[in-house]
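First up is the structure itself, then whatever we jot down about it.
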Amino acid sequence: MRLSGKRAIVTGAAHGIGRAAALRFAREGCRVLAADVDDAAGAALAVEAASAGLPLAFRHADVTNAAAVATLVAEAERRFGGLDTAFVNAGIEQVAADSDALAEEHWSRVLAVNLTGTFLTCQAAISAMLRAGGGAIVTNASVAAFANVGQNAAYAASKGGVMALTRVLAIEYAARNIRVNAVCAGVIDTAMNARHRDRAADPDAWMEAARAITPLGRLGTAEEVASLALFLASDEAAFITGTGMLVDGGRVAT
Ligand code: NAD
């Protein structure tokens, strides 16, 4: 019960890392309001949580929409009597492309979800945490904030932005008892990477390359990233703020 008594929002919670984290947070005693744009998968998450007796509810929220994010946070405050924890996770991949062939609309969409969506969610969560007397935010950056990820200029720029934003918010709100940290994952076995693999000219070669760039020789799991998000959200990380922690199987160390 490492998040006993905590009250959280988790964005991008219908699949992958967000889903694993929402369930893990709830198992650790946190009341969770999970949000996503995929309502069917979100409803399935809520059913799974309810059947396990976990305190988790789902509601639709698109993180690119400031009003929707504000409504999500307001609902968490109404349901739970306040908000002190946020896993700001929602994100999309870039369709890999050489930068000279990257369409501006795609660049803008990746930045809108990954960076602006992270900012809007942090902004709304911080307002609620100030009312609650403090809290902990965990953003979802990537190894892309630290290392080259070929043919992914928009994704890397968005995640570098998330990392910089994480540092700025951490310093701005440190004296007001709000910690802000990022998880920075390597290649994780989620639908996002299944899409990358399926788009590759040679999916087997894509998978082999993903393993080859990872010293531990495999893709990580959503649960392994959720474990780090849990730690950073918990009071065990009370002296940690403004940092990005790698969960990458050793990739950046290479
Ligand atoms: P995923 O595609 O499996 O899940 C992402 C979730 O975000 C989906 O449920 C999707 O519906 C939701 N989402 C997308 N746009 C949204 C929006 N506008 N508003 C609300 N929800 C939205 O991906 P994942 O691998 O679980 O990735 C989760 C986060 O982790 C992302 O920010 C991603 O960039 C980051 N990340 C992933 C990896 C990886 O290897 N999978 C590595 C590093 C960082």
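Restricting attention to region 20-40, the residues being surrounded by fewer than 21 Cβ atoms within 10 Å (Cβ to Cβ), over 20 Å from A191 (Cβ atoms) and of a type in the set (D, E, K, R) number 2.
Against the test of being outside any strand (DSSP E or B), more than 24 Å from D36 (Cβ to Cβ) and open to solvent by less than 40 Å² (accessible area, probe 1.4 Å), the options G160, G150 yield a single qualifying residue, G160. Counting the residues of region 67-110 that are of a type in the set (A, V, I, L, M, F, W, C) and within 12 Å of the ligand (Cβ to nearest atom) gives 8.
Within region 55-75, one or more residues are touching a residue at least 60 places away in the same chain (Cβ under 8 Å) and farther than 15 Å from A226 by Cβ.
Among the residues making up region 207-247, those that are over 22 Å from V168 (Cβ atoms), part of a loop (DSSP other than H, G, I, E, B) and either open to solvent by less than 20 Å² (accessible area, probe 1.4 Å) or of a type in the set (S, T, N, Q) (or both) are T214, T221, S234. Among the residues of region 28-47, write down those that are near the ligand (Cβ under 9 Å from one of its atoms) and charged (D, E, K, R). Result: D36, D38.
Residues that are away from the ligand (no atom under 14 Å from the Cβ) and open to solvent by 30 Å² or more (accessible area, probe 1.4 Å) within region 111-147 comprise Q123, S127, L130, R131, A132, G133, listed in sequence order. Is it the case that V168 is in contact (Cβ under 8 Å) with a residue 12 or more places away in the chain, in contact with a strand residue (DSSP E or B) (Cβ under 9 Å, 6 or more places away or on another chain) and either surrounded by 19 or more Cβ atoms within 10 Å (Cβ to Cβ) or of a type in the set (A, V, I, L, M, F, W, C) (or both)? Answer is no for this residue.
Pairs are defined by a Cβ separation below 7 Å, a sequence spacing of at least 6 or placement on different chains, a first member in region 8-19 that is among the hydrophobic types (A, V, I, L, M, F, W, C), and a second member that is within 6 Å of the ligand (Cβ to nearest atom) and open to solvent by 30 Å² or more (accessible area, probe 1.4 Å); the pairs so defined are A14/D38.
How many residues are over 13 Å from the mean Cα position of the chain (by Cα) and not in a strand (DSSP E or B) if we restrict to region 4-24? Total meeting the criteria: 5. Do the conditions hold for T166, that is, is it among the hydroxyl-bearing types (S, T, Y), under 28 Å from S108 (Cα atoms) and more than 10 Å from the ligand (Cβ to nearest atom)? Taking the combined requirement at face value, the residue satisfies it.
State which residue is least open to solvent (accessible area, probe 1.4 Å) when the search covers only region 53-93 and only residues that are in a helix (DSSP H, G or I) and of a type in the set (K, R). Filtering first and then ranking leaves R79.
The values are calculated or read from the model by the stated rules, or taken from the named source; none is laboratory data. Keep in mind it's a predicted model, so treat the numbers as computed, not measured. Glycine also receives a Cβ, built like all others from the backbone with ideal geometry; neighbour counts cover every protein chain displayed. Side chains are part of the model used for accessible areas, which takes the heavy atoms of the whole protein and leaves out ligands, DNA and RNA. Shrake-Rupley method; radii C 1.70, N 1.55, O 1.52, S 1.80 Å.
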